[in-house]
Structure formats: C-alpha cells, structure tokens
1. Set Lys and Arg Cβ to +1 and Asp and Glu Cβ to -1, take the dipole of the protein assembly as shown about its Cα centre, and tell me which of B:I232, B:H56, A:T18 lies farthest positive.
2. Between B:S199 and A:Q134, what is the label-to-label distance in nm when each label sits 7 Å out along the Cα-to-Cβ direction?
3. Could you state the principal axis extents of the C-alpha atoms in chain A, from the largest down, to the nearest angstrom?
4. Among B:443-449, A:383-389, B:104-110, A:312-318, how do they line up from the highest to the lowest mean number of other beta-carbon atoms within 10 Å?
5. From the label point of B:S164, set 7 Å along Cα to the beta carbon, how far off in nm is each other copy's matching point, shortest first?
6. From other protein chains only, count the Cβ atoms within 10 Å of every residue's Cβ in B:540-549, then give the mean.
7. Looking at B:L384, B:V308, B:H246, which one has the Cα that reaches farthest to the positive end of the dipole of chain B (charges on Cβ: Lys, Arg +1; Asp, Glu -1)?
8. Please give the helix A:118-131 orientation as an angle from the longest Cα principal axis of chain A, in degrees from 0 to 90, rounded to the nearest 10.
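Readers should treat all values here as calculations from the given coordinates under stated rules, not as data from a laboratory. Worth saying up front: this structure is predicted, and the values here are computed from it rather than measured. Methodologically, a virtual Cβ is constructed for each residue, glycine included, from the backbone with ideal geometry; neighbour enumeration extends over all protein chains shown.
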Number of protein chains: 2
Amino acid sequence: MELSKITSPADIRGLGVTELKELCDNLREVFLEKVSAHGGHVGPNLGLVEATVALHYVFDTPNDKIVFDVSHQTYIHKMLTGRIEAFLDPSKYDEVTGYTNPKESEYDLFTIGHTSTAVSLAGGMAKARDLQGQAYNVVALVGDGSLSGGEAFEGLDEGATLKSNFIVVVNDNNMSIAENHGGLYSNLATLRETKGTASNNYFKAIGYDYLYVDNGNDIETLINAFKMVKDINHPVVVHIHTDKGHGYKPAEEHKEAFHFSAPFDLATGKLKNDDEGESYDEIFATEMLAEMNEDPKVCVLTAGTPGVLGFGPERRQEAGRQFIDVGIAEQEAAAMASGIAKAGGRPCFGVVSSFVQRAYDQLSQDISINGTPVVLNIFYGTILGMNDVTHLGWFDIALISNIPGWVFLAPATVEEYLSMQRWAMGQTQYPVAIRIPGGKVVHSDGEVNIDWSDLNKFKIEHKGSKVAIIGAGGFLSIAKETAALLKNEGIEATVINPLYLSGLDTAMLDDLKKDHQLVVTIEDGVLAGGFGEKVSGYYGTSDMKVANYGLEKKFADRYNYRQILEANRLTAPQIAEDIMKIIS
Amino acid sequence: MELSKITSPADIRGLGVTELKELCDNLREVFLEKVSAHGGHVGPNLGLVEATVALHYVFDTPNDKIVFDVSHQTYIHKMLTGRIEAFLDPSKYDEVTGYTNPKESEYDLFTIGHTSTAVSLAGGMAKARDLQGQAYNVVALVGDGSLSGGEAFEGLDEGATLKSNFIVVVNDNNMSIAENHGGLYSNLATLRETKGTASNNYFKAIGYDYLYVDNGNDIETLINAFKMVKDINHPVVVHIHTDKGHGYKPAEEHKEAFHFSAPFDLATGKLKNDDEGESYDEIFATEMLAEMNEDPKVCVLTAGTPGVLGFGPERRQEAGRQFIDVGIAEQEAAAMASGIAKAGGRPCFGVVSSFVQRAYDQLSQDISINGTPVVLNIFYGTILGMNDVTHLGWFDIALISNIPGWVFLAPATVEEYLSMQRWAMGQTQYPVAIRIPGGKVVHSDGEVNIDWSDLNKFKIEHKGSKVAIIGAGGFLSIAKETAALLKNEGIEATVINPLYLSGLDTAMLDDLKKDHQLVVTIEDGVLAGGFGEKVSGYYGTSDMKVANYGLEKKFADRYNYRQILEANRLTAPQIAEDIMKIIS
C-alpha cells in the first residue's frame, strides 16, 4: 500500500501477509532515508519493524495500550499512527520527536526517554483498568538491555501479581547500546538457544506465563504469537528474538555504532561528518586508560553507556577487567563503586547528567554517609547538551551539591579538569564529583597548579571592583564576555571562577564586600536549588546585592540553545544590560 | 560460655555444637532483655541468631568480609564482635547504634540503613579484591524482603558475572516488614516447599550456584552449609529458611508488630506504653479509607511500609485491592502511580522522607514530565523524626521543590493537611506532594477554606511590620514563638505560613518591601537547596535583608532534637536574638 495513505493502524489491519511484508520493506526504506539524512536511533528501529506492524495489526490500538520502554524504537510506530508525513517529507522531519509523546498522538501514552520504566507504567495502567472495571489489553514493550535496570525488575515483580491481562513483550536483540552485562543475560542466551524451553527461566521464576518467538523479524510468526496472548487473563511475557539493525547491512554488522547515529551515507553506512574535533569523551578515555595502565587498582565504571565515556570496543578491550560496564543500572554502578573504594580500589563512575539522578539514594547513602572516595564524572551536565525533555542536563548541580559530604567540582577548561581528576583519583578522603563543562572545549592559558584538597577556594580570574561576576564551569566564558562588555561602560568587573559547587569561599565573598556592591552568579543549569541561590543566601543579611543567572525551573523540549539562553537572560549582553540597571 | 568474655568471634570458634546451641540461647536471652527494655528491631534479629553465630564461626572475620543488608539484624553480630557490654549493661545500651557502623568496629563495613544495598556493596568489595590480587571471602547477607528493591536485583545481576568468590546469603523468613509482595516471592515459596529443588529458580536463572538450607535456625546445619561455600571460586547463593522472631513466642506469632518494637513486657509481649495520642498515620489512614470507600478509583500505595501509613493488617483487608503494597520498591510505587493516574485512577503514594529519594528519577521522568496527577504524602520529613544518620528526614524539600512541575505543599496543621489532601486527590491537573508536619500534632483554630489550585499563595497569619517571619510546615510554630518574643522587644512582626514549598508568592514578597526591612525564613530541613535560599535569591537585588534558618548541610547521627536545633540557632529565643541584632 502507499505509505502516505496510512492515517492510523486501522488502515493496515485488512492486509494479507504478502502485503504486510511489502509494507515492512517500504517502512524500512523510508525510515532509512530519513535517519541517514537526519540522524537518529537506527538499530533499535530496524529490528522492530515487523514487531511494531504486528502489534498494531493484532491489538486494537489506541483502545488497547502499548507502552514503549525508552521509546527510541517508536519511529515505525509513529509512521503507522498518523505521523507518516514526518518521515516522507524532509521538510517535516522535525515535526515528531525521537520518543513517544502524548502531545503528538493519542497512540503515545507517555513522554519517555530513560530506560526500564515501561513495565511499571504499564502495570499501573492495568491496575487502574481493573479498579475501574474496564477491559482492554495493556502491553509493555521492553528491550533486553533495559532489563538490567532495577526499575524494570521492580515493575516485573509487581506486574506478576496482577490477576488480569498484562502482556510484556521482551524485544531481545542480545544488545544493550553496547553488549549486555549481567547474569540475567546468560539466561536470555540459554532461552534463545533452547528456543525458550530451558528449564531455568527468569520470567517464569518471577511468575509470568511465557511464550518464545524465535524469529522476531517474521511478521507472520509475530502476528500468530500476539494473537495467542491477546485478551489473556493473566500476566505473560512474549520473548521475541529480533535482530538489531535488521535489513540494513552496516547496522547489522556495527550494532553499537548504529544504535544511534548522526547522518550517514546510506550506501556505505559511513558518517557524513566524522570530524568531531576535540571532545571530553576522548580526553577522559585517554586520561583514564593511562591511569589504569599505571595502577591496577584504578577502574572505570559505566552504566551501559561506554561510548559517552569514549570507551569504544577497542579501548574496552585494552582496559580489560578495569573497565566495568554494569549494564543500564546506575544504582549498581554507584553502590558498587562505593564497595570498590571501601576495599582499596580507585573507582571512577562516568555518567550522563540526566541519568545520575537515578542513583540519588546511592550517592547519599552508599557513598556519602560512608565517606567512600568514589570519583564521579558527570557528562552532558549543561544547557548546551542534549535537549530532549527526557535527557536534560540541568539538574545535577541541585542534585549533588545539596548532598552533604560530596566535593563537587566545576572545571572551566581541559587543564582544570585533568588537574581535578588526577587529584580526585589520587586522594582517598572524599567522594568527588566533577562536572565536565559543556559548550566548546576550552583550554587554560597556562598550567593549572591548585591544591584541590584546600576546599572551596574560588579563583579570581580578574580583579576589579564594584561588580563581581562568578561564572561556574563552562559558563565562566559568559562571565568573561560580560566583563568585557562592562569595560566598554567604564566598569572594571571582577571575574571569579568558583571551581567548587559544593561550598562557598566565604572569605572571598566577605572580602568582596569591601569594594563591590553587586555579585552576579552565572550557572549552567536550573537556578532552583543550585549554586547562585547559595550565594544569595550567604549575603542575605549584608548590603551586598546579588543577581542569579541560570534557568527558570521548568522543563523544555528540543529547545534552541540561543533561544533558551536569551529567554533566561543568560547571554552576556543581557546580563551586562541588567547589571548597568542594578548599579545605576 | 560466659557472654561477657566474648571479645571477638575468635572466642567462639573453638566451641562444640552443644556449646554453640547454649551460646545461641544465651545470646537470645540477653538480646530480648535489652530490646524489651530499650526497643529495637526484634524479629529480624531473633531469626538470625544461629546464622550470625555460624557465619562468624565458619568465616575468618574480619579478614573475610560480611556486608549486612539494612543491617537492622546485626545485634547478635555486635554481641560477638567486641560490643557485648552494650547488651549486658543497661547503662551502656546506647553505646551502639541499631545498624552496622564502621566507627564502632572493624567488623562493620558500612553505615547502612536503607534496604537492598548489600549485594552491590559486597560485589564492589569482591571486585576490588580481585583487582588487587587478594584472597578473602566476601559475603552479602540479604533478607527476602530486600530482594524486591531494584538495587538488590542490579547487584545480583552484576555480581553473577564475577569469576571469583562471592557468597550471597539470602535470609528467607517469608516476611518483609509486613508480608512480601511480588512475583519473586511465589518462587521463594516454591523453593522452600521443594527444599530448593524446584526446576525454576530465580537465583540460578540469573547465574548463581545455589544451596538451600531448610532449617536456618539450626546451628549445625548452617555451619555445614557455610563450610561448603567458604573459599568457593564463583558466585553462589545460600538460601537459608529462617523463622522471623524465632525463640520468642509473641514475636513468632505477631511478626509484623515485632519487626521493630518500642519497649515491651517480656512476659506478655505487650507494649509498655501503648498510648500514642493523635498521630498522622491514623489521620491519613482514616481519611484515605473514607476516600477509597467512596470512590473505587482511589488507591493508596506503599513501598513496603504500610505501618507508617497507619495501614495495619485490618485496614489493609478493608481497603482490599485499593491498597497496593509493591514491596520495598519505591521506584515501582512512583512509576506505577503514574500509570494509574494516566489511566484514570487516583493514586496516593505514602512514603517516608528518607526513602522517597530512592525514586527521584521517577518523580521527575515518570511523573512530572508526564504531568500525571499523582499524590505523594511524605512522612517523617522533619528534623524531629527519625534521627539515625541513614533515616534523616531533612532532604525532601531540596529534592522535590527543585523538580519542575510538582506542587509541593507544607501544612502546619491537621486541618490544612486534610484540606490539601482532599484537593490533591480531587484534582487531575498536577502531581502534588504533601509534607506531613513533624513535631506535635497541631490543629487550626477554625476551618481551613483555601483554593489550593491558586498556586503559591502564602498566608499571613499575623500582620505586623519591619520584620516578617516565614515559618514553613511544622516550623510555623517556631515563627509564632519568635514573634511572641519580639513583641516583648516592641517589634510587631508579620508571621507568614507559606503553605507551598514549590513556588514563591512574589506578590506578597514584593508587598513586604513597603514596610518591612527583614524577612526571616524557618524551615524543617537542610538549608542547602531548600526553601529559604529561594527567598534570598528573590530579594537579591532589592534592599530587603533576608535571614535563612534551617540545618547546615552535614549528616548527623542519633542526635538530640534540642541540641541540633540549638546548634543551628533554630530555637525561637536564638532567632529573636539574631533578629534584634540585624535590625538594630
């Protein structure tokens, strides 16, 4: 059928098997056309073309509910549910997000982006359905990689106790973003090898009925399987074995690289723009490989995102057992790091800002209360990073700086970062978190030679008077720019690089009272609970005026960097303008 | 042997079986003597007397490492590791904490109090041991109830991949604090029924070798089992079936009541002081039972602590399927609540302040980004509540008030609480969190009639001038007391009840500028990231002076209420004194 005619899943429900196969081929082709030009999640979607078609073919969506885990595998789902134009027409490519989004369609139930949540959310829907005496199918679709997350286990464990319809489709492509890690995955392998007949079965063990589908890329098999469980009256797992990247050779062969890809050449699979320039993943990986080579006690932990840390397959191999991927399991990475530090190892857990919030309790209880010298490196903790609402790097300042015991550092340059990281790994006194700066990679003019154990000593980058501007981390650059603009107005402002987010340099702040009337703070995150408010609180009963710059406390989705900075008056000209008003 | 002679586990390693049995009897007797007089965790320790003795008998502690989950079951462990006097001598009862504590003994590896962490921490120690080429046994002891927590699953999943010694002892007494919930527990039941021979086995499924011990209260059997796994070269689960409350009839018969008990009469098991007076658990349970009776869509969720919410066995039965205990699994409770709300149910998740931080990501992603109208009730969010370092109720203000989208309410009285709760449950516009006040239960003078959907409208309790004191939640009482003291000094202060913690009443704050020179904030928690700093931030560029009162950002353990308030200048006389200085 002509793809542009698909307005809802009802349009495909009358098709025969041959037509459905043809439909899958066409969907895959259009999908590849778009992602090769636009970038996006490639492998997860290619593997799920047939299953997505089969789900909408068998289930009476949107009356029946499908909750997609992570939801980065929903491009085909979007094509079938009234949004085909956003795939056919390049000018409309950006009209849909890369995740499910209830604002786009009633077929999308939740805005999702973090892993391991779908079973819990779907379980809640099934519960509400039962409380209200309604009848519809509730389906959670979850990838094997997501099963390593504690929330997925909690959801499965509770979901198993439902005495009603509850269908969990496990999309098993034997991959997380990279390879899977964890004992569970041996069981999934055994189940695949035995075509689901192995006597030990994780899903059965926690209370599920179970159905195995070996060829998860065959539309007919899938339709039959889903028909078997439709309207079932108890919890069941349908374990489908799919092929990540299915139908596109480069993605089948390079599954990790094609999990998510920037625009690429469709014929060869090569990235269109492979010149990344200097980046912190490379800086981190180079530094940590050297440290690991030097000291067998040093190890790097990731919770399923080795690529973010610059640890591709080759570097992982080089690091050997000193590189620990715990799977998508941030709680485990944090708590395990505490155990490692306790027993004399030197662990560094590298984690994306948006995901570190999954381990808040572990940062507090397992690490800080125990004073274990874990080192945390926060990636993408910046307004200038990921801009999907589910992946914002705005909240880690408030998260970490308000937990007692953590030393939280904010380098502005590569040299500051490396100096901090070496100190953090070498000491055993504190848990230390380092917020890798966003924006362009910046270098210091000279060598950085600071004793970081002398906590909370801010650095004066330029001494002036009347106005002091404190720019934290990557936003030190905005402070400098602002000072340059003020100079044109005859104001020689003091510029301060705080370096620490977890404590104030009260001696310096007191000293500023002598010849300053205004202190301005600029931070790369949300104001609420952040750095600037602490400075305001400190000066509360003095005559010093304080103006805090950062983001307002509200979510944003797929924002434009420039626009969000401007909307929050976070650009140098705006800040300079405000300052002139305040001091006039 | 004479208990007072036990200075370390070495003292018991030469004993024969008969002597060991006698030892267990004596330990149990002394234990009961102490907890009946002092209060403490009764059932968990009684069930583990034999296993604790057997562990220290077989393993070469402290060279071998034992990590206790939650660690509320370590009273016997403490008696065997140099701390027997704290059990024999009533004047020394308070010299040990109720949890493991490295400051007390080298046999205690971590300060632990939250559940589900031991396997992860122990796994980290095993990893560090291997990296350093050392050889010792690493044992994690975890209760069946703790297995429902996601962190326990993540720890087990990763731990299974260790290629070295790793021993997980599962203490299965078929109970959490209350009964267990989750599909996993059917498997544990089957394993108990089949003496560990059932073909489906949760632990084997995720990659563990497995040993079942049916009589987990028989010292000889336990010793043999632990000897079998000592020095093992791969991960193994030793599943021991114990009897919670073993050896004390009232605790065997009333397992939930005796999980933790206030002082009780040893002969009868009756509480020595059963008169609790008015309390929020009763107020909550009464209110929610009425709401559930009226509307089948309403439901209450707990993550394994129904007693905190006033839902004992009888009320749980009355609520039926509208009361949902997901087991110790805060992530699941929060995410499931979001699913329930999405599908038309009206969920209220009641959770202890210290435990809500385990669900930060779910509060943000699964709930707030999705705008699902989940209602959260925070219990023990107060300085005047639990004072173990692992259970502090100080951090929820910074945690929740800095997540966009949440309406976070702080009632000062029962009437305000009930009015807020009814509004929250009746509306479907916002996720709403309510912080149940600490300290004495206080009532309003009259009826509370406020439209809570008119967000962030603070309430002026008393209109004065010059000084305004904002007292949030339960600490409104301190604000009122302070105002009374100021009156003696000729200052008629304004007293404000903010009611909202998630936003400022900027109109009111602006209005205060007319005839006030100082705004004082008082909050029942840590200042960092909290309420007061936001007020300071708001007034930063104005002439208004602001003084924030709350706790300094640092942990405290088993503190005295009066002392900690005084140390932070949080008493009315101290605040009044400070105010006089500031405005003079």
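1. So the residue we want is B:H56.
2. Here the modelled spin labels are 3.9 nm apart.
3. 81, 53, 53
4. B:104-110, A:383-389, A:312-318, B:443-449
5. 5.0
6. 5
7. Checked the options; the winner is B:L384.
8. 60 degrees
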